[in-house]
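Undergrad: Got a structure here, written out as structure tokens. Questions coming.
The values are calculated or read from the model by the stated rules, or taken from the named source; none is laboratory data. Every value quoted in this text rests on a predicted model; they were computed, and no experiment measured them. With ideal geometry, Cβ positions are generated from the backbone for all residues, glycine too; neighbour counts draw on all protein chains shown. Heavy atoms of the whole protein, side chains included, go into the accessibility calculation; ligands, DNA and RNA do not. Shrake-Rupley method; radii C 1.70, N 1.55, O 1.52, S 1.80 Å.
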Amino acid sequence: MPQPGLADTPSSLRPSPLRRLQRSLAPTVADGLLSLGLIALLLWVGLQLASWAIGRADWAVLQLNSMLLLVGRYPLAEQWRLWLLAGLLAVQAGLSWGLLRAWPRADRSLQGWLWPRHDRIAALCVGLLALLLPAALQLALPLQARWWLLAAALLALRWAAGRWGTRLHRHQLRLVGLLWPVLYLAGLWLIGGGLGLPRVASGDWGGLLLTLLLASFAMALSFPLGVLLALGRRSSLPLLRWGSVVYIEFIRGAPLITLLFIGQNILGFLLPSGLAPDRVWRAAWVLIFFAAAYLAEAVRSGLAAVPRGQLEAARSLGLSQAQALVQVVIPQALRVALPTMVGQFIALLQDTTLLSLIGLLDLLGTARGIMANPEFLGHSSELYLVLAVLYWGCCASLGLGSRALERRLDPRSEPTRG
Amino acid sequence: MAAPMTPPTPPASSALMIEATGVEKWYPNGFHALRGASLTVRRGEVVVIMGPSGSGKSTFIRTFNALEDFQKGSITVDGITLSNDVRQIDAIRREVGMVFQQFNLFPHLSVLENLTLAPVLVRKRPRSEVEGQAMALLERVGIAEQAGKFPGQLSGGQQQRVAIARALCMEPRILLFDEPTSSLDPEMVREVLEVMQALAHDDITMVVVTHEVRFARQVAHRVVLMDQGEVVEEAEPETFFTAPRHERTRRFLEQIL
């Protein structure tokens with residue numbers, strides 16, 4: 001359904017830009033003063049930050065440690081694997097983004113060269129991140145250029161997939177979603193080695209690489225577990241229901257840091273010696289079980305929001321309980337739960353900083369290691385600022401992706417454009 | 001779609017499609033919803049169930065496809081006796097379509113996908129074949145041009161017509177209607193009733209819970225009054241509306257006519 005936008009109003013009725021600015025910033029005198037005050041405050045903060053960043057800050061600490069922050073002690077000779085993985089991820093992300101847009105909607109006739117406004121904003125953010133992050137890490141120019149290339153590939157593929165993706169059949173479009181798990185396994189292989197590639201021990205993974213790897217691993221596996229727990233909590237079988245409730249409430253009642261310590265110490269005893277994972281994977285499994293409990297609650301609220309009639313309609317058409325859940329109830333529940341779930345994912349990403357307390361060298365752990373080095377004493381502000389930018393970048397892209405998905409999944413969303 | 005306005009001839013002594021005897025149901029909160037309700041429906045028959053709200057008419061037809069369970073009595077649908085056996089329940093549901101008051105279309109699927117989901121998944125028929133049949137059905141209910149839209153983009157009347165087409169796409173032998181026009185705006189009631197009237201001329205067996213007197217008079221072979229969980233009166237439309245035998249029917253008719 002086309003939304004009546006500004007473009008549809010006759011130009012004579014549209015206020016002038018100056019008038020619009022006045023209306024949004026200072027509809028009354030008091031609002032105007034408030035706006036002026038806020039603008040002044042923002043300017044002052046910005047100026048202070050800029051003068052610190054240019055004058056007093058010493059960015060050498062970043063330049064010397066940039067690769068440490070990015071990948072930890074990952075051997076230099078094998079780092080091409082990470083670049084290859086980053087390239088593959090950019091390609092896949094660009095394709096998915098574009099094809100998400102190209103997904104057949106009610107009205108296929110509306111296609112143009114222009115991207116929808118939200119996508120232009122997202123593209124701008126991707127561009128900004130590609131410029132900001134390598135710059136924030138003070139990477140060498142050739143390395144910065146690689147990041148720019150990756151971002152350019154992502155955006156170009158988004159454009160191409162959005163432009164021509166509509167010609168693909170729906171079932172071909174579905175395949176793109178299936179590529180993600182394949183790519184994920186390939187990523188694990190590229191990072192860890194084996195099967196012909198030299199092994200890189202998980203103790204050598206670090207920095208942003210370890211943070212993103214653990215966070216994405218926990219997100220990917222906690223999601224199905226969370227859905228199962230949510231279904232279990234609504235099950236009519238008492239044992240299943242009470243088991244789920246006890247699990248969810250126990251995990252939600254315990255701080256993550258205690259669970260992480262428990263995991264490091266106890267998981268080793270519980271599992272047979274050959275299966276006991278090393279420290280990194282032990283932490284990863286704790287993160288999965290932790291996040292699943294919170295996701296389960298988000299999914300449960302989504303399930304509760306699906307009207308009972310949906311299940312009845314599906315069942316009266318002859319679908320089995322499982323078919324009705326998978327085809328009808330869960331897709332609708334997930335759409336409702338999506339914003340909450342992404343909120344949990346963002347929290348999970350930030351929770352990975354606790355890994356530094358159990359001695360893993362994630363992004364924060366690596367940074368703390370650098371700060372402890374007498375050579376770089378007194379430069380923690382610079383490091384913390386860059387950490388903040390990095391974490392913000394990751395969380396912002398999660399948020400953007402989720403909002404794009406949300407709009408796409410809305411059955412009343414506007415038709416395809418570009 | 002304009003169906004002839006004369007009531008169709010009642011079928012001869014054809015096979016029993018629904019046979020419900022002495023059905024009793026208590027809700028978990030103790031409410032005695034059905035008190036020995038009985039009804040037989042023959043093949044090709046159109047039976048309209050009327051009655052005041054809370055009389056158990058919706059609950060009654062929902063027991064026919066096991067959306068509601070019951071504690072006493074027996075129900076046989078298309079030769080299969082309803083029990084707790086899940087496979088039998090699934091078998092019955094494949095043969096019995098249902099149209100709901102709130103349409104209950106799947107909002108995350110397009111109109112066409114709403115129709116094709118069950119035949120492809122349950123009957124394991126090839127998608128292309130089902131899509132052809134679905135388009136023909138949408139044509140028949142007059143909304144083929146909306147096939148690519150989503151339910152949220154349609155009016156209530158259009159949604160209910162899609163819901164009827166969705167039920168028909170499973171090629172059921174029995175169609176249950178649970179107050180199909182009650183949540184529609186008045187001007188949309190007609191388009192849905194016309195579709196139902198056209199259906200009534202087919203071989204399909206229909207049980208309709210409705211308050212639409214005109215539909216009952218013109219289309220039904222038999223009209224049934226339910227009150228307080230039991231079947232009070234059962235008669236041909238003319239007799240039902242002009243010369244009811246029971247006092248409760250008379251009182252009910254006074255209120256709605």
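Undergrad: Being surrounded by 19 or more Cβ atoms within 10 Å (Cβ to Cβ) and among the basic types (Lys, Arg) narrows it down to one of A:ARG241, A:ARG199, A:ARG233, A:ARG252, so name that one.
TA: A:ARG233 is the lone residue from the list that is surrounded by 19 or more Cβ atoms within 10 Å (Cβ to Cβ) and among the basic types (Lys, Arg).
Undergrad: Scan segment A:68-83 for residues that are in a helix (DSSP H, G or I), touching a residue at least 24 places away in the same chain (Cβ under 8 Å) and open to solvent by 40 Å² or more (accessible area, probe 1.4 Å) and jot them down.
TA: A:LEU68, A:TRP83
Undergrad: Does any residue of segment A:222-236 turn out to be in contact with an Asp or Glu (Cβ under 9 Å, 6 or more places away or on another chain), assigned by TED's automatic domain parsing to the domain that holds A:GLN344, closer than 27 Å to A:TYR391 by Cβ and in a helix (DSSP H, G or I)?
TA: yes
Undergrad: Of the residues that make up segment A:174-181, is at least one more than 26 Å from A:CYS395 (Cα to Cα) and among the hydrophobic types (A, V, I, L, M, F, W, C)?
TA: yes
Undergrad: Next up: Test B:ALA136 against the stated conditions and say whether it is within 13 Å of chain A (Cβ to nearest Cβ) and either among the small types (Gly, Ala, Ser) or open to solvent by 50 Å² or more (accessible area, probe 1.4 Å) (or both).
TA: No, not satisfied.
Undergrad: Another question, if that's okay. Among residues belonging to segment A:202-230 that are open to solvent by less than 10 Å² (accessible area, probe 1.4 Å) and of a type in the set (A, V, I, L, M, F, W, C), point out the one that is modelled with the highest pLDDT.
TA: Per the criteria, the residue is A:ALA230.
Undergrad: Then there is this: Consider A:ARG279 carefully, then state whether it is surrounded by 22 or more Cβ atoms within 10 Å (Cβ to Cβ), under 30 Å from A:TRP392 (Cα atoms), among the basic types (Lys, Arg) and touching a residue at least 12 places away in the same chain (Cβ under 8 Å).
TA: In short, no.
Undergrad: Can you name the residue in segment B:122-133 that is more than 13 Å from chain A (Cβ to nearest Cβ) and not in a loop (DSSP other than H, G, I, E, B) and, of all such residues, is most open to solvent (accessible area, probe 1.4 Å)?
TA: Residue satisfying both the conditions and the ranking: B:GLU129.
Undergrad: Right, something else. Quick check on this structure: which one of A:GLN323, A:GLN344 is within 14 Å of another protein chain (Cβ to nearest Cβ) and either out of contact with any Phe, Trp or Tyr (no Cβ under 7 Å at 6 or more places or on another chain) or under 30 Å from A:ARG73 (Cα atoms) (or both)?
TA: Only one candidate qualifies: A:GLN323.
Undergrad: Okay, next question. Working carefully through the options A:SER236, A:SER273, find the one that is modelled with pLDDT under 90 and within 14 Å of chain B (Cβ to nearest Cβ).
TA: Going through A:SER236, A:SER273 in turn, the sole match is A:SER236.
Undergrad: Just one of A:SER356, A:SER397 is in a helix (DSSP H, G or I), touching a strand residue (DSSP E or B) at 6+ places or on another chain (Cβ under 7 Å) and either open to solvent by 10 Å² or more (accessible area, probe 1.4 Å) or not hydrophobic (A, V, I, L, M, F, W, C) (or both); which is it?
TA: Answer to the selection: A:SER356.
Undergrad: If I go through segment A:50-105 residue by residue, how many of them are of a type in the set (Phe, Trp, Tyr) and farther than 20 Å from A:LEU210 by Cβ?
TA: 4
Undergrad: Does B:GLN153 count as under 14 Å from the mean Cα position of the chain (by Cα) and of a type outside the set (Asp, Glu)?
TA: So B:GLN153 does not fit the description; no.
Undergrad: Looking only at segment B:142-163, filter to residues that are away from chain A (no Cβ under 11 Å) and surrounded by fewer than 23 Cβ atoms within 10 Å (Cβ to Cβ); which one of those is farthest from B:PRO107 (Cα to Cα)?
TA: Among those that are away from chain A (no Cβ under 11 Å) and surrounded by fewer than 23 Cβ atoms within 10 Å (Cβ to Cβ), it is B:GLY142.
Undergrad: Residue by residue through segment A:84-120, note down the ones that are crowded, with 17+ Cβ neighbours inside 10 Å, farther than 15 Å from A:ALA161 by Cα and either within 14 Å of chain B (Cβ to nearest Cβ) or modelled with pLDDT under 80 (or both).
TA: A:ARG105, A:ALA106
Undergrad: Among the residues of segment B:41-91, how many are among the hydroxyl-bearing types (Ser, Thr, Tyr) and at pLDDT 90 or above?
TA: Total meeting the criteria: 6.
Undergrad: Separate question: If I ask for residues that are outside any helix (DSSP H, G or I) and within 12 Å of another protein chain (Cβ to nearest Cβ), which ones from segment B:164-173 would you list?
TA: Once the filter is applied, which keeps residues that are outside any helix (DSSP H, G or I) and within 12 Å of another protein chain (Cβ to nearest Cβ), segment B:164-173 yields B:MET170, B:GLU171, B:PRO172.
Undergrad: A further question on this structure: Run down A:LEU133, A:LEU157 and say which single residue is closer than 30 Å to A:ILE358 by Cβ and open to solvent by 30 Å² or more (accessible area, probe 1.4 Å).
TA: Only one candidate qualifies: A:LEU133.
Undergrad: Among the residues of segment A:381-393, count how many are open to solvent by less than 30 Å² (accessible area, probe 1.4 Å) and either closer than 10 Å to A:LEU129 by Cα or without any contact (Cβ under 8 Å) to a residue 12 or more places away in the chain (or both).
TA: The total comes to 2.
Undergrad: Turning to a different aspect of this structure: State all residues of segment A:305-343 that are over 17 Å from B:GLN101 (Cα atoms), more than 22 Å from the chain's Cα centre (by Cα), among the hydrophobic types (A, V, I, L, M, F, W, C) and open to solvent by 20 Å² or more (accessible area, probe 1.4 Å); if no residue qualifies, say none.
TA: A:ALA305, A:ALA322, A:LEU325, A:VAL326 - these are the residues of segment A:305-343 that are over 17 Å from B:GLN101 (Cα atoms), more than 22 Å from the chain's Cα centre (by Cα), among the hydrophobic types (A, V, I, L, M, F, W, C) and open to solvent by 20 Å² or more (accessible area, probe 1.4 Å).
Undergrad: Additional query: Could you grab me the full set of residues in segment B:67-86 that are within 14 Å of another protein chain (Cβ to nearest Cβ) and touching a residue at least 60 places away in the same chain (Cβ under 8 Å)?
TA: B:VAL77, B:ASP78
Undergrad: Could you please give the count of residues in segment B:87-121 that are at negative phi, of a type in the set (S, T, N, Q) and facing chain A (nearest Cβ under 7 Å)?
TA: Result for segment B:87-121: 1.
Undergrad: While we're on this one: Give the residues of segment B:177-228 that are open to solvent by 40 Å² or more (accessible area, probe 1.4 Å) and touching a Lys or Arg at 6+ places or on another chain (Cβ under 8 Å), sorted by residue number.
TA: The answer is B:GLU191, B:ASP203, B:GLN228.
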